[in-house]
Amino acid sequence: MDQEVRNVTIIGSGPAGLTAAVYASRGDLQPLVVEGVEAGGQLMLTTDVENYPGFVDGIMGPELMERMRKQAARFGTDYLTDNVRSVDLSTRPFKVATAGDTIETRSLIIATGASARMLGVPGERELLGHGVSTCATCDGFFFRDRKLLIVGGGDSAMEEAIFLTKFASSVTVIHRRDKLRASKIMQDRAKENPKITFIWDSVVSEIVGNGKVAGARLRNLKTGDETTVEAGGIFVAIGHTPNTALFEDQVELNGGYIVTPREDTQTTVAGVFAAGDVVDHRYRQAITAAGMGCMAAMDAERFLEGADH
Ligand code: NAP
């Protein structure tokens with residue numbers, strides 16, 4: 001690998017990271033993408049993407065990411081398939097360390113995305129992959145003719161509930177309030193689906209099973225009543241946490257998300273930019289992440305033109 005100081009290093013290879021790479025490589029900056037051993041971000045865990053403009057009939061998430069990767073490679077992007085272990089943003093050039101390399105870079109684009117949030121109740125970790133899942137589109141196929149539970153009241157929970165009705169005998173949504181957070185259209189679709197029922201004002205207090213999920217203990221938050229429901233699988237769809245552990249104490253965070261205080265994508269460290277779900281807790285779409293990746297690359301280019309290094 002090139003040992004010289006890099007112009008731009010991009011951490012993350014979802015839509016934000018790879019769009020930044022397309023722009024930075026077309027700007028002749030020869031970016032390095034540290035893509036992580038699970039490259040491609042959250043779209044690798046989805047099937048059909050129907051709202052990414054330009055794909056009239058939709059496109060599969062992994063195929064979209066493969067296309068972005070190849071597009072960036074075409075203009076000279078280098079890839080390093082490794083996880084970043086630490087970064088040092090207090091020195092210039094910045095340092096990015098993986099298991100095998102230390103990269104020095106004049107500018108950095110953080111596009112590390114977000115990960116699925118878990119419930120943190122007994123049984124969840126032990127049974128993850130044995131009936132507990134955070135990705136219906138990845139695992140739904142394995143749950144044919146089972147009674148399934150979905151936890152959450154947002155768009156993801158509704159989308160996953162509807163998707164799972166293709167396989168499951170029934171899907172029960174467990175939500176901690178009596179109102180869904182999901183958009184009206186997703187709520188209507190879920191409520192109209194004859195295989196979907198709802199348990200309101202309730203949380204999962206324990207996931208039960210011996211080697212594989214058998215059901216869940218539920219607690220009604222209004223009455224305090226505890227019940228046990230039988231289930232062959234539990235899908236947790238309660239949102240995401242930004243992947244920012246590497247950057248704590250180095251750039252300013254707010255609720256775990258990276259702060260970009262100016263009108264552009266620069267973080268609280270000059271020359272360090274951030275894009276996509278690691279910044280954005282509002283829109284969280286592939287297309288908005290891609291848009292921010294473009295912005296970050298343009299901001300990095302402008303920084304390099306003006307920076308003394
Ligand atoms: P979200 O909108 O943050 O919803 C998370 C849901 O999980 C909420 O209903 C929340 O309850 C519940 N929850 C959170 N922590 C919990 C806990 N510890 N125990 C039990 N329940 C808990 O997350 P999301 O559904 O993943 O959606 C994220 C963003 O992506 C949203 O902007 C959404 O619109 C978008 N999205 C869009 C689509 C689409 O348009 N097709 C599909 C998927 C996602 P409360 O409601 O009580 O807070």
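The values are calculated or read from the model by the stated rules, or taken from the named source; none is laboratory data. Treat the numbers as computed from the prediction; the structure is a model and nothing was measured. Cβ sites come from the backbone with ideal geometry, for glycine too, and all protein chains shown count toward neighbours. SASA here: full protein model, heavy atoms, side chains in, ligands and nucleic acids out. Shrake-Rupley method; radii C 1.70, N 1.55, O 1.52, S 1.80 Å.
Key figures
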read-out: Cα centroid separation - the range 212-235 against the range 135-199, whole Å; value: 15 Å
read-out: Dimensions (Å) - the range 118-236, Cα atoms, principal axes, largest first; value: 37, 35, 21
read-out: Accessible surface, per residue, of the chain when the full set of protein chains is kept, probe 1.4 Å, Å²; value: 50 Å²
read-out: For the range 140-157, 3J(HN,Hα) per residue [Karplus equation, 6.51 cos²θ - 1.76 cosθ + 1.60, θ = phi - 60°, Hz, x = Gly/Pro]; value: x, 3, 7, 10, 4, 6, 9, 7, 10, 10, 10, 9, x, x, x, 4, 4, 4
read-out: Per the chain, cysteines lacking a partner by the 4.7 Å Cβ criterion; value: Cys294
read-out: Percentage of interatomic Cα-Cα distances in the range 7-56 larger than 14 Å; value: 56 percent
read-out: Under 15 Å, Cβ to Cβ, from Val121 - net charge with Lys/Arg +1 and Asp/Glu -1; value: +1
read-out: Around Val229: net Lys/Arg minus Asp/Glu count, Cβ-Cβ under 9 Å; value: +1
read-out: 0 to 90° range, to nearest 10: angle between helix 61-74 axis and the chain longest Cα axis; value: 0 degrees
read-out: Charge dipole (debye, nearest 20) of the range 118-236; +1 at Cβ of Lys and Arg, -1 at Cβ of Asp and Glu; value: 180 debye
read-out: Net charge contributed by nearby residues that have their C-beta within less than 15 Å of Ala99 (K/R +1, D/E -1); value: -2
read-out: Phi to ³J(HN,Hα) by Karplus 6.51 cos²θ - 1.76 cosθ + 1.60 over the range 174-186, Hz, x for Gly, Pro; value: 9, 10, 7, 10, 9, 9, 7, 8, 4, 5, 4, 5, 6
read-out: Area projected by the alpha carbon convex hull of the range 34-134, averaged over all directions, nm²; value: 9.6 nm²
read-out: Long-range lysine pairs (8 or more apart or interchain), the range 118-236, Cα under 19 Å; value: 9
read-out: Long-range HN-HN contacts of Arg6 with modeled amide H, under 5 Å; value: Glu104, Thr105, Arg106
read-out: Amide proton proximity set for Leu80, modelled H, under 5 Å, gap of 5+; value: Val33, Val34, Glu35
read-out: Sorted peptide list for 7-18, 270-281, 220-231, 142-153, criterion being average Cβ within 10 angstrom, highest first; value: 7-18, 270-281, 142-153, 220-231
read-out: Longest to shortest principal axis, alpha-carbon extents of the chain, angstrom; value: 64, 42, 36
read-out: Relative contact order (percent, whole number), the range 118-236, Cα cutoff 8 Å, 6+ residue spacing; value: 32 percent
read-out: Where His175, His130, His240 fall by accessible area, highest first, once all protein chains stay in place (1.4 Å); value: His130, His240, His175
read-out: Built amide H within the under 5 Å cut-off of Glu206, gap 5+; value: Arg217
read-out: J(HN,Hα) series, the range 121-133, from Karplus relation 6.51 cos²θ - 1.76 cosθ + 1.60, nearest Hz, glycine and proline x; value: 10, x, x, 5, 5, 4, 9, 4, x, 10, x, 9, 9
read-out: Beta bridges by DSSP in the range 118-236, antiparallel share as percent, to the nearest 5; value: 45 percent
